[in-house]
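These notes are about the structure you will find just below.
Derivation of every value follows stated rules applied to the coordinates shown; laboratory data play no part. Computed from a predicted structure; not experimentally measured. Backbone-built Cβ (ideal geometry, glycine too); neighbour counts: all protein chains shown.
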Amino acid sequence: MKALITELMPKLFSSYELMVLDFSKISENLPEYKNIKSFFEKSYLAKINPRLPENRQAFNDFFLDKSGKHYLISQYREDRIEMLRGSNIEKEGRTIHLGIDIFSKNLETIYAPCDSEIISLGCEKGSHTFGHYIILRPDLNITNNYIFLGHLSKDLPKIGKVKKGQIIAKLGDYIDEENGGWSRHLHVQLLKNIPKNNSIPIGYSTKENLQKNIIKYPDPSFLVFN
């Protein structure tokens, strides 16, 4: 199946590092430039909000520069409670991430990972949302799930069929909140079914509903890791 998949962004399969966003799993021996827990703690001491997208972006950029990589990639089913403190998502108890995030320094081009059809697109308005997004129906040889891509530029493609490797979008920037008000990254999520009434899929689960939600939103790792 890997032969049927191409990179969502240039050099994705060959130039990345994992970024651990579950503070409980961050090793004390992790180098400072990779340690987002330490970044949060030091920011609070300096009375700086580490959750502001420009501050998160500064951390990501430094991490990328030091590592010499193009991307930082999170992990599926990661508990991000410490990063969501005070948000509506955290207040609802939805802290386990149901997709994979690919963080970058630049506003990277997004390519169709396989022959597919763009069946839905739009914008979830407001802060801490998906911003601009598209939903792909991939070739059934790839998966029978739909592919959701969030935090995109406002320059969205047209509904219709696309070929593997075709340019379909660009990452959105946080400056005008076109990406939902986050640092620059692509949210990749699989959907077993299309959300009803043009609603937006949830990006986080509660612990109580996790087993039900991982059936609705399976692991998209095969789209991200070579």
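One table, with the values for the structure above:
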{"read-out": "0 to 90° range, to nearest 10: angle between helix 36-45 axis and the chain longest Cα axis", "value": "50"}
{"read-out": "Residues I215, I119, I168, I142 arranged by fewest to most Cβ contacts within 10 Å", "value": "I215, I119, I142, I168"}
{"read-out": "Cβ charges +1 (Lys, Arg) and -1 (Asp, Glu), total dipole of the chain, debye", "value": "360"}
{"read-out": "Debye, to nearest 20: dipole size of the stretch 148-200, +1 on Lys, Arg Cβ, -1 on Asp, Glu Cβ", "value": "500"}
{"read-out": "Spacing of the two label points (7 Å from each Cα toward its C-beta) at F13 and D219, in nm", "value": "1.9"}
{"read-out": "Backbone HN-Hα couplings from phi across the stretch 173-187 [Karplus 6.51/-1.76/1.60, Hz, Gly and Pro as x]", "value": "9, 8, 4, 9, 6, 5, 9, x, x, 10, 5, 5, 6, 9, 9"}
{"read-out": "For the stretch 13-28, 3J(HN,Hα) per residue [Karplus equation, 6.51 cos²θ - 1.76 cosθ + 1.60, θ = phi - 60°, Hz, x = Gly/Pro]", "value": "6, 10, 9, 8, 10, 6, 10, 7, 10, 8, 4, 5, 10, 8, 5, 5"}
{"read-out": "Most mobile listed residue (D65, D176, D79) in the chain, GNM with C-alpha springs under 10 Å", "value": "D176"}
{"read-out": "Residue (of S24, T6, P218) at the positive-pole extreme of the chain, dipole from beta-carbon charges", "value": "P218"}
{"read-out": "222 nm mean residue ellipticity, helices alone, for the chain (DSSP H n ≥ 4; -39,500 (n - 2.57); rounded to 500)", "value": "-4500 deg cm²/dmol"}
{"read-out": "Ratio of Rg to Rh over the chain (Cα coordinates, Kirkwood Rh, two decimals)", "value": "0.94"}
{"read-out": "The stretch 1-76: Lys pairs at Cα distance under 17 angstrom, eight or more positions apart or on different chains", "value": "8"}
{"read-out": "Spatially near lysine pairs across the stretch 76-186, Cα under 22 Å, sequence gap of 8 or more or different chains", "value": "11"}
{"read-out": "Degrees, to the nearest 10: 53-67 long Cα axis against longest axis of the chain", "value": "90"}
{"read-out": "Extended-chain gain in nm, criterion 0.36 nm per residue less alpha-carbon gap, T109 and K154", "value": "14.9 nm"}
{"read-out": "Whole-Hz ³J(HN,Hα) from phi, Karplus 6.51 cos²θ - 1.76 cosθ + 1.60, for the stretch 47-52, glycine and proline x", "value": "6, 10, 7, x, 7, 4"}
{"read-out": "Cut-off under 5 Å, modelled amide H: who pairs with A169 long-range", "value": "I110"}
